Amino acid sequence: MPAVEERARAALDEVYDPELDEPITDLGFVRSIEARGSELNVHLRLPTSFCSPNFAYLMASDAKDVLTALPGVERVVVQLDDHHDSDLINRGLAADAGYRGTFGSEAEKDLEELRLTFRRKAHTAAMERALTGLLRADADLAEEQLHDVTLGDLPEGRTTSALLRRRESLGLAVTPEQPVLVDDHGHPYPREEVPVRLRFARSIRISIDGNAHFCRGLLRTRYPDSGSDQAPRPQDPSTSPMEARAS
Amino acid sequence: MYSKDGENYYILDAHIALWDARAENQRNIHGKQFIDCFYDYHRNLGPESETWPYEDFLYQGGERLMKDIFTDGYVDHAIFQPAALPAFYRNNFGQTEEAFALAQKHPDKLTYNHCWDPRFGEDGLKQLREDAKRFNLKGAKLYTAEWFGDSRGWKLDDKWSYRYLEAAQELGIKNIHIHKGPTIRPLDRDAFDVADVDKVATDFTELNFVIEHCGLPRLEDFCWIATQEPNVHAGLAVAMPFIHTRPRYFAQIIGELLYWLDENRIQFSSDYAIWTPKWLVEKFVDFEIPEDMTEYPALTTEVKKKILGLNAAAMYDIEVPAELQVADPPAKAETEAVAVA
């Protein structure tokens, strides 16, 4: 069995920043992993002190959950560093107080609805990446024709597999005959709505990509050594190779 | 005024600050965290040649502001948009007296917008009436993420917020700039949700709502609202500097805004002192949408002129020399009202 630190890192690959739709490991948010016997100590860091506390809590508690589930690990301490709510969140995590137990009157219900909102956004963005990829590859393809594109029509590759993963996370079917351009519940839009729906999906994708680049850059500015911990963000269809290098 | 290739541009910087974030003014650790966050923005998104030492960033003062914005920065007129942040700074973050004195000294160059916090209830409402008169307010900057006692934020559609907006409408404070930040209570919603802007824009049709940072990090939600609400505008504070670090992303932001809103509802802002206007103006005038982004039309000189100054000048009734106007000028507020009637 690989060393505990290694298994811990692999487990943290499954913890996503809900807004940026990327694993916290790729983003460089994992500052350190230290194992002593059966005890794991993990420090997380974020791009600013004022990153939304709900997302900060979500990532930190997800991290604790996946680490606690590791065989042979008996005690897990996850600490969020340098956040305006570090003390509050770290105390809540240590006591397994849950989200509402941690934030008290600031929280009304749990975070599942918020998580769902961002899963839906991530799916919409993945859908737009796949369809814009098709449009760019075929100059004769009109936007309205995207109405008929099915999952089976998409080329194999990272963009398609990312879309399938996002569909699965929402409980949407992934069989080849399924239409690609669908709403949050998997229903296709009327043909005449395709251009405006694609357009709106694009603004969601631009938003997510932009936030990801901004947050990645800010993390490197805040923690100059964090660049080496960041994995390159997969390219979107409209990003040039030059910009990918600069990011 | 900025001139390039025979074209002259009227420049209105719609979002600037005169702040004091020096250690002696910091009330607590959050005061330091706040300015450090700004400084990281400054270092991360600006060109290296424009990066200031940390000490310079904490406080600039009026003289340096005048030089950076007007002497070096090509700006014709600028608008103060102060954030008070009394929970973080002893004598507030935005320096009201200093900024207002500077605006009185240079009325042709500076407009002072003030701020309010509806959680101050009746006392704050009374203060707002006095402030409107004293500062001759045409606009205000609302920072919904401010901390106040146990509360760490408010929403524009809160009951007390409506009372303040009603007062603003009555007092002629027409231009409401809103910074959407991680407001709390309840925490389990999207902290940057702009749904409250949608509500107030519908209920206060005489007011203009300028969403700073054009809704980033929720560009799509902002665009969706702005498409339906003609009195919602995009402020480019914090979006502008992407023109340097991520020009293709910047092209996408501008392209989306032009598509969902229109060329009359986008305003240039340096967000001084996070960035200085000089390099932003130069780069924006030179900027073109990359040719392979076929989904966006070209950014014409006329549109650039509107974004760089004419749109905000129309909103604030600031006179622009006739030779700097464009053939199809942004509608003035009065004209628009007449047209509606």
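Applying the set (1) within 20 Å of the chain's Cα centre (by Cα); (2) assigned to a loop (DSSP other than H, G, I, E, B); (3) facing chain A (nearest Cβ under 9 Å); (4) of a type outside the set (A, V, I, L, M) to B:Asp221 leaves exactly one unmet item: (2).
With the structure loaded, tell me whether A:His123 is open to solvent by less than 30 Å² (accessible area, probe 1.4 Å), closer than 24 Å to B:Tyr296 by Cα and either in a loop (DSSP other than H, G, I, E, B) or at pLDDT 95 or above (or both) or whether it fails that test. Before the answer, list the steps.
Working: open to solvent by less than 30 Å² (accessible area, probe 1.4 Å): yes; closer than 24 Å to B:Tyr296 by Cα: yes; either in a loop (DSSP other than H, G, I, E, B) or at pLDDT 95 or above (or both): yes.
Judged against the criteria, A:His123 is a match.
Exactly one residue out of A:Asp153, A:Asp138 is more than 26 Å from A:Pro18 (Cα to Cα) and more than 14 Å from chain B (Cβ to nearest Cβ): that is A:Asp153.
Condition first: under 30 Å from A:Thr102 (Cα atoms), within 12 Å of another protein chain (Cβ to nearest Cβ) and in contact with a helix residue (DSSP H, G or I) (Cβ under 7 Å, 6 or more places away or on another chain). Can you find one or more residues in the range B:200-215 that meet it? It would help to see each step written out before you state the result.
Our first condition is that a residue be under 30 Å from A:Thr102 (Cα atoms); within the range B:200-215, this holds for B:215.
Restricting the remaining residues to those that are within 12 Å of another protein chain (Cβ to nearest Cβ) gives B:215.
So of that shortlist, the ones also in contact with a helix residue (DSSP H, G or I) (Cβ under 7 Å, 6 or more places away or on another chain) come out as B:215.
Yes; the residues of the range B:200-215 include at least one that is under 30 Å from A:Thr102 (Cα atoms), within 12 Å of another protein chain (Cβ to nearest Cβ) and in contact with a helix residue (DSSP H, G or I) (Cβ under 7 Å, 6 or more places away or on another chain).
Can you find even one residue in the range A:65-82 that is out of contact with any helix residue (DSSP H, G or I) (no Cβ under 6 Å at 6 or more places or on another chain), open to solvent by 20 Å² or more (accessible area, probe 1.4 Å), within 14 Å of chain B (Cβ to nearest Cβ) and over 26 Å from A:Gly227 (Cβ atoms)? Within the range A:65-82, none of the residues are out of contact with any helix residue (DSSP H, G or I) (no Cβ under 6 Å at 6 or more places or on another chain), open to solvent by 20 Å² or more (accessible area, probe 1.4 Å), within 14 Å of chain B (Cβ to nearest Cβ) and over 26 Å from A:Gly227 (Cβ atoms). For the range A:39-46, does any single residue satisfy the condition of being open to solvent by less than 20 Å² (accessible area, probe 1.4 Å) and farther than 21 Å from B:Pro182 by Cα? Taking every residue of the range A:39-46 in turn, at least one turns out to be open to solvent by less than 20 Å² (accessible area, probe 1.4 Å) and farther than 21 Å from B:Pro182 by Cα. If you go through the range B:194-218 and keep only what is closer than 18 Å to B:Ala314 by Cβ and in a loop (DSSP other than H, G, I, E, B), you end up with B:Thr205, B:Glu206, B:Leu207. Exactly one condition in (1) open to solvent by 20 Å² or more (accessible area, probe 1.4 Å); (2) within 25 Å of A:Arg233 (Cβ to Cβ); (3) within 14 Å of another protein chain (Cβ to nearest Cβ) is not met by A:Asp26; state its number. The number of the failed condition is (3). Among the residues of the range B:224-257, those that are in contact with a Phe, Trp or Tyr (Cβ under 9 Å, 6 or more places away or on another chain), of a type in the set (S, T, N, Q) and either open to solvent by less than 20 Å² (accessible area, probe 1.4 Å) or more than 10 Å from every other protein chain (Cβ to nearest Cβ) (or both) comprise B:Asn231, B:Gln252.
The values are calculated or read from the model by the stated rules, or taken from the named source; none is laboratory data. Keep in mind that this is a model prediction, so the values were computed, not measured. As a convention, Cβ positions derive from the backbone with ideal geometry for all residues, glycine included, and neighbour counts pool all protein chains shown. We work out accessible area using only protein heavy atoms, side chains counted, and drop any ligands, DNA or RNA first. Shrake-Rupley method; radii C 1.70, N 1.55, O 1.52, S 1.80 Å.
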